Every structure is written in structure tokens, then in C-alpha cells.
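None of the figures in this text is laboratory data; all of them are computed from the coordinates on show. Because the structure is predicted, anything quoted here is derived from the model rather than measured. Cβ atoms come from the backbone with ideal geometry, glycine included; neighbour counts cover every protein chain shown.
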Amino acid sequence: MLVGTAQAAELLGISTARVRLLLKQGRIEGAYKIGRFWVIPLFEGMPVISKGRRGPKAKWCRRRPAVTFIHVNQHAIRQNKKREHHLPVISIKKGNSNIYGHEVRINGPCRIVYQPNLPKPCGARVWIETLSNVEVINRC
């Protein structure tokens, strides 16, 4: 598929002036001019841009999706034996946010990880990792 500078800028999340600068520097692979207009090929839905020689990392580089960690808190389970009002024992960590609840539904593939020598910062040695959507059913 071929696009122009405006569509390429929208896909990359940068300005059209920046796209024109990259074209001038020859950093967008496979791009060519027809008359006054640039034609930019897409590879897997995105223009391919070669690395610059210096400066900060490009903003259009794709970040890996945030992994969701689901952890069962043993300390809360022990405390719930002594209380009549039960604290939530499941914590869902995605990025910097924590959500606590009593029941969780994972809508997709996941994996269970056990690392006794390399625990998470919260102290967890066993947790569930997923890139799928996580739904907290019984939230507190």
C-alpha cells in the first residue's frame, strides 16, 4: 500500500514537516517522488524509517504493550482469617496502577510464572502474566 506525507505523518504520530525532513534525508525506505508528491510504501501497515545517527530515540517507535500481572496476596489471606470483613486478596497490576478485587476474569491467553530467586518488587514469587483484557468482577 502506498500513502502520501499526510497519511504517513498520521500513522507515525508526527508532523508532516517532520515527514518531509525525513524524506529529504532519505531515511524513509522505498519512498519516491512522482512530480511534486512523495509516495511512501507501507510495510506491515507502517512506513519504515532508518535510524538517525544521533539524538533521542524516535517517538514513533512502537512500545511493547503493557503486561498485566495478577498476584494473590498471601498476607491478605492470613488477615482475612482474623477479620469478619474480608479484604480483597487479588491485585491486578498494569503499568503504575493497582486494582484490587475478589474475582478476576482473563479474556485471552495467559501464563503462570514462578520465580523464587527473582521476585517482583511487591514480593510476589508466583504470578499470572497476560497481554489480554482483564476484567475485575468483584471489585473493592
Mean ellipticity per residue at 222 nm, deg cm²/dmol - from DSSP H runs of n ≥ 4 across the chain, formula -39500 (n - 2.57):
-5000 deg cm²/dmol
Going fewest to most other Cβ atoms within 10 Å around each Cβ, SER132, SER97 line up as SER97, SER132
I need the semi-axes of the equivalent ellipsoid of the chain: take the C-alpha gyration tensor, multiply each eigenvalue by 5, square-root it, list largest first in whole angstrom.
49, 16, 12
Describe numerically, in nm with one decimal, the distance between label points set 7 Å from Cα along Cα→Cβ at ARG54 and at ILE77.
5.6 nm
Report the charge-dipole magnitude of the stretch 1-43 in Debye, nearest 20, computed about the Cα centre from +1 at each Lys and Arg Cβ and -1 at each Asp and Glu Cβ.
220 debye
What list of ³J(HN,Hα) couplings, whole Hz, do you get for the stretch 84-96 from phi and the Karplus terms 6.51, -1.76, 1.60, once you set θ to phi - 60° and write x for glycine and proline?
8, 9, 7, 6, x, 10, 9, 10, 10, 10, 9, x, 9
Mind running the shape call on the stretch 68-136? Use the C-alpha gyration tensor, a ≥ b ≥ c as the square roots of the eigenvalues: rounded below 1.5 for a/c, prolate if a/b tops b/c, oblate otherwise.
oblate
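Provide the gained length on full extension for the span SER132 to ILE106, in nm with one decimal, where the gain is 0.36 nm per separating residue minus the Cα-Cα distance.
8.7 nm
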Where trypsin sites (Lys or Arg not before Pro) in DSSP loops with at most 10 other Cβ within 10 Å are excluded, longest remaining stretch of the chain
84-140
